[in-house]
Structures are given as C-alpha cells and as structure tokens.
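To keep things clear, I will list the structure first and then write my remarks on it.
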Amino acid sequence: MQYKQNNPIPLGKSGAYESVRSTIETVFDWQYELKKQNLLSLYEKGKTLAWNANDLDWSIDVDIERLMRERARAGMAGMINTLMSPPVALEDDALIEMQLHMNAFMLSQFLHGEQGALLATAKIVQGVPWEEAKFYAANQVSDEARHVEVYHRYLTEKLGISYEIVPSLDRLLDDIIEDPRWDVTFLGMQIMVEGLALAAFGITRMQMGDEPLVQDLITRVMADESRHVAFGVLSLQDLYTKEMSATELREREDFVIEATHLLRERLLMEPVFERLGWDVKLWTDWSQQTAFMTGFRQMMFSKIVPNLKRLGLLTPRVRDAYAKLDLLRFEHMKDSVEDPEVTPPDELVQLFMQFMQTAQPGPSAQAG
Ligand SMILES: [Fe+2]
Ligand SMILES: [Fe+2]
C-alpha cells in the first residue's frame, strides 16, 4: 500500500486532529448466542466479498479536465445553461472549472464521511449488545478503512484538487460520535449518512461515466455500503415500533430532522464557490432555489426515506418536515431489505441519460 500523496487534503477549522468525547457504554455479550440469522448471513457475505485496494487499476491516467473539455466540445455548456439556469451564463472554461471543483468537493466529502463511518462503526462494536452485530460491525470497520484508503488515494494521487470537511458534515459526524445511545449511532451513520452516500455515490458514478477508475472504485464501495445500510435497517427494526417510549421516540425524530437539515446543507457546495472566487451569496442562493439543484439534493434522500419508513420513523412529525422538503415522494421506493442495491429514481436516470448523450460527441457534433 504505497501511493503518491501529491495533493494533501486541506485542513478544516479543527486543524490536523480533532478530539470529540464519545461516552458510549461498552457491552460484553457473555452468551455468544448466535441466533440473529440475518446479521450472520450479512457477516458471511462481508467476509467473502471483501476486496483489496490493490485490485483497482491505479495505472489508469485520470484527466478529468480533458474529459470535461471533450464534453464542452460536444456542446455541454448550452445544455447546462438551459437546464441548470445559473445566475451567470457559463462559458466553457468556467463550466469546466465548476465541474472539476464540484466533483472534487463531492469526492472529498465522501472521504471525510468514510472516516466518520470508520469511527462510528468502531463505536458500534463496543456498544451494540448482541454478539452477531459486533461481528458484522467489526467487518464493516475493515471495509471503512479500505474506503478511506481508496478515496484518499484517488484524491491525492489522481485528482489534484480536494476539499476540507464541510462544517455541516463535521457537525453531524461529531453528533453521531458523541451520542451515548448506540441506536442513535446506527441511525445517524448507517441510516442517514450511509443512506445518503449510497444515492450520492450512484449519482457521481453516473456523472463520471467516462472515467473508468472512479467507476470501478465507486462500484466496489457501493457494494459494501449497501450491506452497511442493510445492517442498520436489520439492527434497528422493531426497536422504534415496539420497544420505545413516546419520549424516546420523539428524541429520535428530532435527531432525524436535524440530520436531514445538516445533510442538505452539505450539498449546497458553498466552499466550491468560495474556492472559485465567485460571488458566494449569488451562487449559494442559486444552489438553494434552482429547480435542478433542489431536485439533485432531494434525490440524495431516495434511499433514506423508504428505510425510515421501514423502521417506523416516518412518523407524523418527520412526515411533516419531509413534506416541506418534498421528500415524501420516495416513500414508496424499495427499502434496503427489499432492495439492498440503490435503484436511482427514474427521473434521475432520464436526466443523466440526457446529459451523457450530450457529452458523447455524436454525429451532429462531429459534423460541426
Ligand atoms: Fe464506507
Ligand atoms: Fe459504510
């Protein structure tokens, strides 16, 4: 495991090391009663399907700027200006720069989220009472170390641009790590952060259809993530519908609503506009309000909503908050037990098909 770290990840406000106090109760399970078959079969799958970062073809030359220039030559600017209605019409150079940075921003936040998952899941090993869940969580911890490794290698060796953790994600990860209740660690990490990651990885993979290394990387990570989300759903099922008091349930509702707002904020991409030296307010307002960007953010919740529903957490209060964000349209999609893979919403697939067709130089572009 040796690679060139050409491009160190910038540090956020907390500096090189950030300490948060995690006050979980550590539980021994002296019964070793292995009876939760669904968790045991997930554990077997996890062990069998583990891969190595060295399995990826790191010799692939990654040149996103060249790919974006090819897309621009095929007339991408016209389409983006129509579709995304930016506050300032974008010429090819500005558009390429924006796409390079948005891609690097997304991949950097994936890296930071992976480190959060590594730490949160180590905490689950300690706090979850059942031995089967400790086994699976231990397996997930090693998946997460590998995910940190591959995203870090891609960003530092291949991409050349990266971003520090965005404050909203930093805060959510801190909340998850600091919370003393083991189910809230699951709810925050496996259901919210990883549920969003599954959708976000899927979207990035579609957007970067012409870059084979990131395709392979994301496909491998997504296969692991779908098991991690299923782990959360299987571990929490029945807990919220059968075992919790009204007060305890209300605290979980508050947590879900707060986490939803923090995850949405992370998708506004404010640091990208800052780094580009563009008018941050103008562009963040655009990101908040434009139909395309709003739709993009909503689709990130396409896996979270059905999973919350399965857990009995799509309660009237959460429904009310989600109705305001127009997220309830995903409630009838398949949850992670019915469909562990992420099936992107049809509207998203159609949109990206349209994008990619424009991006591929077709007969008319070549003729011109
Ligand atoms: Fe991960
Ligand atoms: Fe994960």
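The values are calculated or read from the model by the stated rules, or taken from the named source; none is laboratory data. Owing to the predicted nature of the structure, the values given are computational and were not obtained by experimental measurement. Note that each Cβ is placed from the backbone with ideal geometry, even for glycine, and that neighbours are counted across all protein chains shown. We work out accessible area using only protein heavy atoms, side chains counted, and drop any ligands, DNA or RNA first. Shrake-Rupley method; radii C 1.70, N 1.55, O 1.52, S 1.80 Å.
Overview of results
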item	result
Cα point-scatterer Debye curve for the range 211-345, base-10 log of I(q)/I(0) at q = 0.16, 0.19 Å⁻¹	-0.96, -1.18
Extension gain, Trp30 back to Glu178 (0.36 nm per residue minus Cα-Cα distance, nm)	50.7 nm
3J(HN,Hα) from dihedral phi, the range 183-191, Karplus parametrisation 6.51/-1.76/1.60, rounded to Hz, x for glycine, proline	5, 6, 4, 4, 4, x, 7, 5, 8
Accessible-area composition of the range 205-346, carbon plus sulfur, in percent [1.4 Å probe]	50
Reachable lysines, given that their alpha-carbon falls under 22 Å from the alpha-carbon of Lys47 and they are not under 8 places away in the same chain	Lys35, Lys36, Lys123, Lys134
Per-peptide average of other Cβ atoms within 10 Å, ordering 253-260, 308-315 highest first	308-315, 253-260
Carbon and sulfur %, accessible surface of the range 1-41 computed with the full protein complex present, 1.4 Å	50
Computed over the range 1-52, the ratio Rg/Rh where both radii use C-alpha atoms and Rh is Kirkwood	1.18
Per-peptide average of other Cβ atoms within 10 Å, ordering 124-134, 268-278, 297-307 highest first	297-307, 124-134, 268-278
Acute angle (nearest 10 degrees) that the helix 280-289 long axis makes with the longest principal axis of the chain, alpha-carbon atoms	70
Cβ-derived FRET efficiency at R0 25 Å, Arg171 paired with Ala291, nearest 0.05	0.35
Kirkwood Rh in Å, taken over the chain so that all alpha-carbon pairs contribute	21.5
Rounded accessible area per residue of the chain, 1.4 Å, Å²	45
Of Ala74, Ala323, Ala138, the one that fluctuates the most in a GNM where the chain has Cα springs shorter than 10 Å	Ala323
Quarter of the Cα convex hull surface for the range 20-85, i.e. its orientation-mean projected area (nm²)	11.6
Contour minus Cα-Cα distance for Arg250 and Gln237 (0.36 nm per residue)	3.0 nm
Linear extension gain, Leu83 paired with Glu258, 0.36 nm per residue minus alpha-carbon span	60.0 nm
Rel. contact order, % - alpha carbon contacts under 8 angstrom, at least six apart, the chain	25
Residue-by-residue Karplus 3J(HN,Hα) for the range 76-92, coefficients 6.51, -1.76, 1.60, Hz, glycine and proline x	5, 4, x, 5, 5, 4, 6, 6, 9, 5, x, x, 10, 4, 9, 7, 3
Relative packing of peptides 10-23, 86-99, 209-222 - highest average C-beta neighbours within 10 Å first	209-222, 86-99, 10-23
Separation of the Arg66 and Tyr17 label points, Cα + 7 Å toward Cβ, nm	4.2
Whole-Hz couplings from phi, Karplus 6.51/-1.76/1.60, listed for the range 229-237; x for Gly and Pro	5, 4, 4, x, 5, 5, 6, 9, 5
Cβ-based net charge around Glu44, under 13 Å, with every Lys or Arg adding one and every Asp or Glu removing one	+3
